Amino acid sequence: MSSAEKRTWWTFGISLATVLIGVGALVVVWANEIDVFQAVLSRGLGVPFAIPLIAMVVLSRRFPDKEYDERDIHIERNALSWGLMAGMSFLTGLSLLLCVLDPRGSIGTVTVPFIAYLAFFVVTLFGSGAGLVQYWGSEKGGGDG
């Protein structure tokens, strides 16, 4: 397993955990009509949201880009395309869902950064997932990535 593939596995794990926890928190907040966002801002509970971002920075230091070969660069480029498509689909779907849930068309100003935060991790989750599929296909099938 190459350094780039290890980095992709770690990115996938961090992103999956972040998206699952973030969506779970969003569902709990909406279902119970809790004003958690104000509590996060006023009581410093936003620090846990920084942990996955810090983990991504540490990950980039642990597995630098210099050790990538042409196959890794090709896989990463294709995976980024899939990740961006998934991120745009996520934002579009969430926008439609918000229109259905709140016909007035208003959301809290604190909600927008949280949605952008989740969108970043959706992009990295699907991008790393696409990268893992390409690594798996190039090892098992002997293809070109």
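The values are calculated or read from the model by the stated rules, or taken from the named source; none is laboratory data. Model, not experiment: these values are computed from the prediction. Every residue, glycine among them, receives a Cβ derived from its backbone with ideal geometry; neighbour counts consider all protein chains shown.
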Filter result for D69 (closer than 19 Å to S2 by Cα and modelled with pLDDT under 80): yes
Selection count where residues are without any contact (Cβ under 8 Å) to a residue 24 or more places away in the chain and not aliphatic (A, V, I, L, M), scope segment 10-28: 2
Matching entry among I75, I14 (being surrounded by 14 or more Cβ atoms within 10 Å (Cβ to Cβ), over 13 Å from the mean Cα position of the chain (by Cα), part of a helix (DSSP H, G or I) and modelled with pLDDT of 80 or more): I75
A50 being under 22 Å from A119 (Cα atoms), modelled with pLDDT under 85, surrounded by 12 or more Cβ atoms within 10 Å (Cβ to Cβ) and among the hydrophobic types (A, V, I, L, M, F, W, C): no
Long-range neighbours under 6 Å by Cβ, at least six apart or interchain, first residue farther than 10 Å from G127 by Cβ within segment 73-85, second among the polar types (S, T, N, Q) and in a helix (DSSP H, G or I): I75/Q134
Subset of segment 101-125 (residues that are outside any loop (DSSP other than H, G, I, E, B), modelled with pLDDT under 80 and of a type in the set (V, I, T)): T111, V112
Any hit, segment 83-90, residues being over 13 Å from E5 (Cα atoms) and modelled with pLDDT under 85: no
